[in-house]
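The values are calculated or read from the model by the stated rules, or taken from the named source; none is laboratory data. This is a predicted model, so every value here is computed, not measured. Here the Cβ positions follow ideal geometry from the backbone for every residue, glycine too, while neighbour counts run over all protein chains shown.
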Amino acid sequence: MRKRILICLLLSWLIFPSLAFGQEDPEVRITPAEERSLTLMECYRLALAESEIIAIDAQTIEQARAHFLSAFEDLFPEVSFHREDKRLHSSRSPASNRGFDQKFVFSQPIFTGFKEFAGMTKSHYETEQRKSEKKRAEELLLRDVSDAFYLLLEKQEDQKVLLTIKGALEERIKDLNARVDIGRSRTSEVVNTETQLYTLLANIESVKSQELVARELLQFLTGRYIDKVTDPEFDFHLKTSSEYLSRSAKREDVLAAYFEWKAAKENILYVQSGFLPTVSLDVNRYGHKSSSPEDSRWDTLISVDIPIFEKNTTLGEVQEAIAAAKVKELYYRRVKRLAIQEIYDDYINLRSVISMRDAYKKARDSAAANFELQKKDYQQNLVSNLEVLTAIGNQGDTERNYLHARFETKRSYWKLLVDSGAINGEIQ
C-alpha cells in the first residue's frame with residue numbers, strides 16, 4: 001500500500017510539478033480559447049494599465065502632494081514632552097544633589113517671512129505639473145498604440161492583397177501551360193510568369209515578418225497576447241488648421257512647462273524669505289520643577305531673529321533662483337512654439353495623405369478594370385502575356401499603395417489629435 005502511494009506521488013510530481021508543490025504560474029497568458037478581436041481603444045486601455053511610465057508619473061504626483069503637506073505642516077504648532085534629570089556633587093547639602101524637570105513644550109512659529117505660503121504655492125504648481133506630465137504620457141502612449149495597431153492591420157491586409165496576386169499568377173501559369181501544350185504560347189512565357197510568382201512569394205514572407213514585429217510591439221505595449229484586431233471603418237471631418245492650433249496652449253506638455261515655470265517663480269519668494277525676520281513662540285508647561293523658581297508651572301519665550309549678515313548665502317540663493325526661473329520661462333516659450341509647429345506639420349501631412357489616399361483609390365479601381373480588359377484581350381490574342389503580367393503587377397501595386405495610404409491616414413489622424421491635445425472628445 002505504501003509503495004502505491006509513493007508511486008502516485010511521484011507520477012503527480014512528474015506530470016503536475018506546480019500542483020505537487022502548491023506553486024502557481026507567475027505569468028498567466030491568454031490561451032487561444034480566450035482570444036478575441038480587440039479594438040484600438042481596448043488595446044489602449046490595456047496599455048494604460050500595463051505602462052510603467054504611467055505608473056511612475058502617478059507616483060511623482062504623490063511626491064508633489066507630499067511636498068505640499070510638508071510645507072503646510074510648518075504652520076501648525078509642535079508639541080513635545082521634555083524631562084531633565086540632574087545629578088550634582090555638593091558636600092554641603094547632599095539632599096539637593098538630585099532633581100528633575102519635566103514639562104510639555106509648545107512651539108508655534110508666528111512669522112517666518114511667508115516661507116510656508118511660498119512653499120505651499122510652489123508645491124501646488126509642482127503637483128499640477130506632474131498631473132499634466134502624466135496626462136501627456138497617456139496621450140503619447142495612445143499615439144504609440146495606434147501606430148502599432150494600424151501597422152498590424154496594414155500588414156494583415158497587405159498579405160491578403162499579395163495572396164490575391166499569387167492566385168492570379170498561378171491561374172496565369174495554369175492557363176499558359178495549357179496554351180503551350182497546344183502550341184499557342186511559348187515556354188519562356190511560363191518561366192517569366194513563374195519568376196514573378198517566386199518573387200511574390202519572397203515578398204509575402206517579408207510581409208509576414210513585418211506583421212510579427214508589429215504584433216510583438218502591440219503585445220509589448222498592452223501586456224497581452226494579441227491574435228486578432230478589428231477597426232470599424234470611420235470617416236472624419238478635417239477641421240481648419242486654426243481650430244487645431246488654438247488648442248496648442250492647452251496641450252498637456254505646454255501646461256506642464258507653464259506650471260514648472262510658475263513653481264520656479266514661487267521658489268524665488270521662498271528663498272527671499274531668508275532676508276526677513278522670524279518670530280516664534282515657545283510655551284513650557286511644567287509637571288515637576290526642581291530648578292529655581294520651583295513653584296513655577298509655566299513660562300513663555302518669544303524669539304525674534306533678524307538676519308543681518310550671513311556671508312551673502314541668501315543673496316546667492318536668490319540670484320540662483322531668479323536665473324532658474326528665467327530658464328524655465330524660456331523653456332516654456334520654446335515648448336509652446338514647438339507645439340504649434342508640430343500641430344501645423346501634422347495638419348499639412350494629414351491633408352497630403354488624404355489626397356494620396358483618394359488618388360490611389362481611383363488608381364486601384366482603374367488598374368482592376370484594366371486587368372479584366374487585358375485578360376479578355378489576351379483570350380482573343382489581342383495582347384501579349386507580358387501585357388497581362390504588367391496589368392497584374394499594376395493592380396497589385398496600386399492596391400498596396402492605396403492600402404498603405406488608407407492606414408497612414410488613420411495613423412496621421414490620431415497623431416494630429418494627440419499632438420493638438422484634442423483626444424479627450426474622441427476616446428469613449
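Sort through 342, 317, 372, 329 and tell me the only one that's under 30 Å from residue 129 (Cα atoms), modelled with pLDDT under 90 and assigned to a helix (DSSP H, G or I).
On the way: 342 fails: modelled with pLDDT under 90; 372 fails: under 30 Å from residue 129 (Cα atoms); 329 fails: modelled with pLDDT under 90.
Answer to the selection: 317.
Restricting the search to region 360-374, which residues are of a type in the set (A, V, I, L, M) and either surrounded by 14 or more Cβ atoms within 10 Å (Cβ to Cβ) or in contact with an Asp or Glu (Cβ under 9 Å, 6 or more places away or on another chain) (or both)?
Looking only at region 360-374, we keep the residues that are of a type in the set (A, V, I, L, M), and these are 363, 367-369, 373.
Within region 360-374, 363, 367, 368 qualify.
Within region 151-168, is even one residue more than 20 Å from residue 406 (Cβ to Cβ) and without any contact (Cβ under 8 Å) to a residue 12 or more places away in the chain?
Let us first name the residues in region 151-168 that are more than 20 Å from residue 406 (Cβ to Cβ), namely 166-168.
From what is left, the residues that are without any contact (Cβ under 8 Å) to a residue 12 or more places away in the chain are 167.
Checked against the condition, which is being more than 20 Å from residue 406 (Cβ to Cβ) and without any contact (Cβ under 8 Å) to a residue 12 or more places away in the chain, region 151-168 yields at least one hit.
Look at residue 269 and say whether it is surrounded by 15 or more Cβ atoms within 10 Å (Cβ to Cβ), within 30 Å of residue 134 (Cβ to Cβ) and modelled with pLDDT of 80 or more. If you could, list the steps in order and put the result at the bottom.
Working: surrounded by 15 or more Cβ atoms within 10 Å (Cβ to Cβ): yes; within 30 Å of residue 134 (Cβ to Cβ): yes; modelled with pLDDT of 80 or more: yes.
When the stated conditions are applied, residue 269 passes them.
For region 221-246, which positions are under 24 Å from residue 342 (Cα atoms) and of a type in the set (S, T, N, Q)?
Within region 221-246, the first condition is being under 24 Å from residue 342 (Cα atoms), and the residues that meet it are 235-246.
Scanning region 221-246 gives 240, 241, 242, 246.
Residue 262 passes all but one of (1) over 26 Å from residue 39 (Cβ atoms); (2) in contact with a strand residue (DSSP E or B) (Cβ under 8 Å, 6 or more places away or on another chain); (3) surrounded by 19 or more Cβ atoms within 10 Å (Cβ to Cβ); which number fails?
Single failed check for residue 262: (2).
Among residues belonging to region 36-53 that are farther than 20 Å from residue 134 by Cβ and exposed (fewer than 13 other Cβ atoms within 10 Å of the Cβ), point out the one that is modelled with the highest pLDDT.
Selected residue: 37.
Of all residues in region 178-203, how many are among the hydrophobic types (A, V, I, L, M, F, W, C), surrounded by 13 or more Cβ atoms within 10 Å (Cβ to Cβ) and over 19 Å from residue 166 (Cα atoms)?
Total meeting the criteria: 1.
Go through region 136-161 and give me each residue that's buried (at least 18 other Cβ atoms within 10 Å of the Cβ) and under 22 Å from residue 261 (Cβ atoms).
136, 137, 139
When you go through (1) at pLDDT below 90; (2) within 17 Å of residue 157 (Cα to Cα) one by one for residue 215, which number turns out not to apply?
For residue 215, the exception is condition (1).
Only one of 345, 419 is over 21 Å from residue 169 (Cβ atoms) and loosely packed, with under 15 Cβ neighbours inside 10 Å. Can you tell me which? Walk me through how you get there before you give the answer.
Working: 419 fails: loosely packed, with under 15 Cβ neighbours inside 10 Å.
Answer to the selection: 345.
Is one or more of the residues making up region 228-245 part of a helix (DSSP H, G or I), among the β-branched types (Val, Ile, Thr) and modelled with pLDDT of 85 or more? Break it down into steps so the answer makes sense when it comes.
Kept after step one, since they are part of a helix (DSSP H, G or I), are these residues of region 228-245: 241-245.
Now drop any that are not among the β-branched types (Val, Ile, Thr), which leaves none.
The answer is no; no qualifying residue exists.
Look through region 110-124, keep the residues that are modelled with pLDDT under 70 and not aliphatic (A, V, I, L, M), and return whichever of them is farthest from residue 258 (Cα to Cα). Before the answer, list the steps.
Of all residues in region 110-124, those modelled with pLDDT under 70 come to 110-114.
Right, trim to not aliphatic (A, V, I, L, M) and you get 111-114.
Numbers: 111: 30, 112: 28, 113: 26, 114: 23 Å.
Among them, the one singled out is 111.
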